[in-house]
Amino acid sequence: MRLRYFVVDRWGKLRRVAQAALEGLWTGERDAAALDCDLGRDLRLITLLCDDELRPHACYLLRAGLAEGQVTNESKLQACEAILENLADEPSRAEIAHQLAGWPRDWRRQLAVAADVVPSELPAVGIGGPLLISSLLDLSVKSSLRYFDQIASD
């Protein structure tokens, strides 16, 4: 699987960003300026997991707050709670709702254009993705991709 990262800038435009820059932002090794776009107060990240021909197989949304150009620990925790709430017998939905709020209305169309596919070829959307799983399990993103590869092959 290959990763493709897209962020939504302050004005609601989807932009592809470099993997190293985005992962550096997530780990605190870089700040938001490394992405070469103005994110505003939130990192709104779309992660596409693609095959070797760059056909999308999975899509994940992740929203995390920024403070002084850094992803806050509180927003990482909130994203983790959204995943855990989704697994609960009776989820409260507050954390999930937060993750799904603040996206441009046409984000799927923008993503289809950026990924060079028709919108119907985009996969269903989940919350989190390899970046968040790598944080939860204290793994590298590359290692967490093995988990997603396994899901895709099942």
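The length gained on full extension between residue 72 and residue 9, counted as 0.36 nm times the residue separation minus their Cα-Cα distance, comes to 20.9 nm. Once the Kirkwood radius over Cα pairs is known for segment 1-126, the Stokes-Einstein relation at 20 °C and 1.002 mPa s delivers a diffusion coefficient of 143 µm²/s.
At full extension, residue 20 and residue 106 could sit 28.3 nm farther apart than now, given 0.36 nm per residue minus the alpha carbon distance.
Quick note: the coordinates plus some simple rules give every number you see, no bench work behind them. The structure presented is a predicted model; accordingly, all values stated were derived computationally and were not measured.
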